[in-house]
Amino acid sequence: MAFDSITFALFLPLVFLLYWALHQSRRGQNVLLLVASYVFYGWWNWRFLGLILLTTCSAYLCALWVERCKMRGQTKWAATANVANLVLNLGVLGLFKYYDFFATSLNALMMSLGLHADWPLLHLLLPVGISFYTFQALSYTIDVYRGDIRAERNWISFATYIAFFPQLVAGPIERAGKMLPQFAAPRSFSSEEAVKGCRQMLWGFVKKIVVADNCAPIVEQIFANPDAQGGSTLLYGTLLFAFQIYADFSGYSDIAIGSARLFGLHLSDNFRNPYFATNIPDFWRRWHISLTSWFRDYVYIPLGGNRKGRGRTLANTVAVFSLSGLWHGANWTFVLWGFYHGLLFLPWCMGWLKREEREERKVREVREVRDV
């Protein structure tokens, strides 16, 4: 079910009315949100409901087992369970999203070396939103393993956190430490919050329908045959594409955040005017914020971050950005795009531009003081 569909225009008000009719029952509201989320997800393809159930149950049971083992001092068993859950969920994600990509790449590599290659392709349909709910489930089990949060006992609340329909398809990627307490707390209707949510949704629809959807056909026409286009036309197409992807992605995020506010729930900001960034680090603090912070906390820091020397810091930075590119799509162009941004990030890792960044920060602080 797409946000910009007639079906969603009927679905959302119906869920909204039923939800607040159950305002005296927090459990009833959560059950309704879970059922609505599964209907929303199953509308694309009901067969993929099994995958999201698998992810939900594996993360739920893994966290309980990890917490139990750590309380008993059985740290090795806790680590084993956490690794097993990582392998299972990343394996499912890899199978559906990346298997054919790597198989095709391997066949092409072997053939270029003059060797016979016929690695079979599966041609699996990519489940919508699998990258988002998989990362949410993984962050939850890792946080429990680290001791940052307690394992959730209420399966309904946890399943709703994984499948919550506003952010299920396009994020933001939420942390359990933020969302589970919201599902556990009583909620009361606020007309002010509902109006703010509707306004944010409206702004998201403007971005998606008015900007992104009108840029898309022009961009497709230009890049369908780039060799026949002049330099100015290609530049025009590139600029339009930049507006298209931002308006499309941030528009979906605005609709998700606004929809959640209708139910008294708060999602994280995912975009903060990224095209007004003054440098590459500033851009990634503004663009797809939930994904950037996810890779920082669960990949970059565990790899050693900037604590293992300058060479390791550079390698970690490039590796994380390359993985981020692969997360966006199963194509070498995405990997190269991530690698390219990793290289652009290196001067700040080396400390070459820290002085410049501090000076820019001082200028911004002075301006903010003046505005106040």
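Nothing in this text is a laboratory measurement; each read-out follows from the coordinates by a stated rule. These numbers come from a predicted model, not from an experiment. So basically every Cβ, Gly included, is an ideal-geometry build from the backbone, and we count neighbours across all protein chains shown.
Residue separation of Asp148 and Trp46 scaled by 0.36 nm, minus their Cα-Cα distance, works out to 33.3 nm of gained length.
Which loop trypsin sites (Lys or Arg not before Pro) in region 16-103, with loop taken from DSSP, have no more than 16 other Cβ atoms within 10 angstrom of their Cβ?
Values: sites: Arg26, Arg27, Arg47, Arg68, Lys70, Arg72, Lys76, Lys97; in loops: Arg72.
Filter output for region 16-103: Arg72.
Comparing Pro217, Met201, Gln229 along the charge dipole axis of region 191-262, the residue lying farthest to the positive side is Met201, per the Cβ-charge model.
Within region 126-218, list the chymotrypsin sites (Phe, Trp or Tyr not before Pro) lying in a DSSP loop whose Cβ has at most 16 other Cβ atoms in a 10 Å radius.
Working: sites: Phe132, Tyr133, Phe135, Tyr140, Tyr145, Trp155, Phe158, Tyr161, Phe164, Phe183, Phe189, Trp203, Phe205; in loops: Phe164, Phe189.
The qualifying sites are Phe189.
Can you compute the modelled spin-label distance between His116 and Leu95, with each label point 7 Å from Cα toward Cβ, in nm? Once both label points are built, they end up 2.9 nm from each other. Summarising the label geometry, the points placed 7 Å from Cα in the beta-carbon direction at Ala216 and Leu18 lie 2.8 nm from one another.
When the Cα positions of Asn279, Thr333, Gln24 are compared along the charge dipole of the chain, Gln24 comes out farthest toward the positive end, with charges on each C-beta of Lys, Arg, Asp and Glu.
Among the lysines of the chain, pairs at least eight places apart or on separate chains and with Cα atoms under 24 Å apart come to 6.
Under a model in which nothing but the beta-carbon of Lys, Arg (+1) and Asp, Glu (-1) is charged, region 134-222 shows a dipole of about 200 debye around its Cα centre. Farthest towards the positive end of the charge dipole of region 37-109, among the residues Leu51, Ala81, Cys69, is the Cα of Cys69, using unit charges on the Cβ of Lys, Arg, Asp and Glu.
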